[in-house]
Amino acid sequence: MSEQQRDQAIREALLGGNLPQFLRSAVPVELVGRASDGTATRVTLCVLPDYLSVGSARDSLLVPMGLDSALAVADAFGFILPTRRMVDAIYRQAAVRLSPQPLPPGAQMTSTAYFVRHNEMVQAQRSTADLPPAALTAGHKKDLVISRKLWSTPGRVAIYGWHRGAEAPIQPLSTVHGARYADYSHGVRLVSTTAFVDGKPVSIFELMRDRRLAALLSDEGPLDGLPEALHSLADSGATVLAALRVGH
């Protein structure tokens, strides 16, 4: 397959339900801090315990995807991609922290062979942890993330992470690659669109535009019009600056 055909096949497999059972339930991740008015607040996110894979628990493959496929799958499942701040929180609270395992750089980074090779390396490392697959696991992939840069630099994908420690990600926030780019080091972690503020269910889209609470979820400020903006990215990859109003 070409890279585009492979990406489409991955999307169709996931939308058809071909993913491990342990990825069908979310686990909690807490963001605790103070709202902009100084009120102590706890936001609980519901996140998938690992990056998206195709297959079963016994035979699965971690599947990097282009941005449009990742957003389409997330939307179909009622999830979104994380922000940089969410990725950091997931790593800090992970029950299983894996070490990054970079492969030699080059054109082969986007090959299916590299996807399989890195998957085998991750699985070997993961097998040493005496915890089930449903335990929150992090550190083994860079994340596709939501960032303002998706709209200020249209046609790109935003990636971040691959932590070596809580304060030491290998990959700072980057939009150097085109939106359809996916290499072996990328992972797609999903966050439910339903979050909980001090135990009460709230739409994550409401939180992301809330001037009091948005800073708990993102270090880039409030984002209005996010659902429409993300749908436009998934549908066409075109700029949606008119749909996204960034609060200051």
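Among all the aspartates and glutamates, which ones have a C-alpha under 12 Å from LYS149's C-alpha, if same-chain residues fewer than 8 places away are not counted? The reachable aspartates and glutamates, counting only those whose Cα sits under 12 Å from LYS149, are GLU220. Enclosing the Cα atoms of the chain in their convex hull gives a volume equal to 118 cubic angstrom per residue.
So what is the calculated 222 nm ellipticity per residue for the chain, using -39500 (n - 2.57) for each DSSP H run with n of 4 or more, over all residues, to the nearest 500 deg cm²/dmol?
Details: 8 runs with 74 residues, N = 248.
The helix contribution divided over the chain gives -8500 deg cm²/dmol.
Legend: Rg and Dmax of region 14-79, from Cα coordinates, 15.4, 49 Å.
Spatial offset of region 1-79 relative to region 180-210 amounts to 9 Å, using the alpha carbon center of each.
If the Kirkwood radius is taken over C-alpha pairs of region 157-231, then at 25 °C and 0.890 mPa s the Stokes-Einstein diffusion coefficient equals 169 µm²/s.
Antiparallel versus total DSSP beta bridges in the chain: what percent is that, nearest 5? Given both bridge residues lie in the chain, the antiparallel proportion sits at roughly 90 percent.
Over all pairs of different C-alpha atoms, region 33-178 has a mean inverse distance whose reciprocal, the Kirkwood radius, equals 16.6 Å.
Just check region 129-201 against the gyration tensor rule for me: Cα atoms, a ≥ b ≥ c as the square roots of the eigenvalues, rounded for a/c under 1.5, and otherwise prolate or oblate depending on whether a/b exceeds b/c. Intermediate results must be reported in sequence, preceding the final value.
On the way: a/c = 2.00, a/b = 1.26, b/c = 1.58.
Oblate shape, in that a/c is at least 1.5 and b/c is the bigger or equal ratio.
Bear in mind that the values in this text are calculations on the coordinates, not laboratory data. The structure presented is a predicted model; accordingly, all values stated were derived computationally and were not measured.
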